[in-house]
Structures are given as C-alpha cells and as structure tokens.
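Reading through the structure tokens given below for one structure.
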Amino acid sequence: THVALQKKAIKKYVAIGTIFHRYLKGCSATQFLCVNEKEHSLCFNKALIIPNGIVDSNCYRVRRQVKKIVFLSRKDIRHKGIDYLLEAIKDDQEIFRASNTTIVESEEDEKYINNYISENHIEDIVTNNGPAFGLDKEKILNDADAFVLTSRHEGFPMSILEALSFGLPVLITD
C-alpha cells in the first residue's frame, strides 16, 4: 500500500522500479483482500478482490464462562504483540488465574516468552505450546472459551475467522 511504501521509501521505490516492476507487469492479475487495500496499493494489471475465507467448523457451542483463553498465532513479539498479552496477565494475575491462558505456536521469540513467564511467576496461568495445525488446532479452538490476538498491525487475520467459526468471543487490539 502507499502507506507501507512510506517506510524505507527510497529502498522500496528503487526495488519496484528496477526489479519488481517487470514481475508485477507480467502478472495476469493482482489479488487484494478488500477494496480499501486495492485503492491504496500499486497495481499494474487486472485487480481481483478475494477476501479471506474459511470452511465452517460446525463446532459452534455456547460458552457461559470464560475458563480457557487462547492466543493462536506466530510468536513474533514485534508484530503479534504477545508482550502486551503477557504484561496484561502479569498485571491482573487474579483475573487470569481463574482461567487457563494457552499460547500456541512456536517461532523466533520463544526464549523471551519462556523467560517472561518464568520471571513473572505466571507458569500456572500461561501454557506455552508449540505449533498446532489441522485437527490439533481444531481441538484447541473447540476446547477454548475465548480467543485473543494482540497484534500491533494486522489486516484481517485468518486466526480471527477461525476462532469466530468456533463460536469464540474474540478480543483483538487496534
């Protein structure tokens, strides 16, 4: 998007003008998730708007109490804002102790997350799991009572659609 091009603009415009321009012109179409993204992006050919979609889980259930909160995403602190979630848990331990917060997925910031959990004595509240895919991910979402995503910047992530398809209330940051 034009906004994204403003960060490190010179480098990006040089790359577009010298390398990517011919690839973009050679494409039969460019896919966008929404009209707003299309209107604020460079497009050298036919534009297609194809929003995110998922298959209905058919696992919808009514949740009366929140006993298990799930964060299911990449553990990229700078993007996914897991530090926000961990700080909230540390600051309001009594509230979160009444639930069981599970962090699922494993990537580059694993050591920071494990150290934070240990140093702040929230091991009894937060379970830090590895990656979950397919049926394992479906079981985690089906067993959860709420879903949280604390991203610093995000389009419209698939994880939110997946959580909503399981009937989970979703708490997201802006």
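The values are calculated or read from the model by the stated rules, or taken from the named source; none is laboratory data. The structure displayed is predicted, hence computed values, not measured ones. Positions of Cβ are generated from backbone atoms using ideal geometry, with glycine treated the same way; all protein chains shown enter the neighbour counts. Each accessible area value is taken on the protein alone, full model and side chains, heavy atoms only, with ligands, DNA and RNA left out. Shrake-Rupley method; radii C 1.70, N 1.55, O 1.52, S 1.80 Å.
Per-residue answers, yes or no, for (1) without any contact (Cβ under 8 Å) to a residue 12 or more places away in the chain; (2) exposed (fewer than 13 other Cβ atoms within 10 Å of the Cβ); (3) basic (Lys, Arg):
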{"site": "Tyr13", "(1), (2), (3)": "yes, yes, no"}
{"site": "Thr30", "(1), (2), (3)": "no, no, no"}
{"site": "Val35", "(1), (2), (3)": "no, yes, no"}
{"site": "Cys43", "(1), (2), (3)": "no, no, no"}
{"site": "Gly53", "(1), (2), (3)": "no, yes, no"}
Exercise for review: Among the residues of the range 118-131, write down those that are out of contact with any Asp or Glu (no Cβ under 6 Å at 6 or more places or on another chain), more than 17 Å from Ala88 (Cβ to Cβ), open to solvent by 40 Å² or more (accessible area, probe 1.4 Å) and not in a helix (DSSP H, G or I).
Suggested key: Asn129
Study note, to complete from the structure: A careful count of residues in the range 132-147 that are surrounded by 13 or more Cβ atoms within 10 Å (Cβ to Cβ) and not in a helix (DSSP H, G or I) gives 5
Review point. Has the range 94-109 got at least one residue that is closer than 25 Å to Leu33 by Cβ and of a type in the set (A, V, I, L, M, F, W, C)?
Key: yes
Revision key, fill the gap. Taking the range 83-117 and keeping residues buried (at least 17 other Cβ atoms within 10 Å of the Cβ) and either touching a Cys at 6+ places or on another chain (Cβ under 8 Å) or modelled with pLDDT of 85 or more (or both) leaves Leu85, Leu86, Ile89, Lys90, Ile113, Tyr116, Ile117
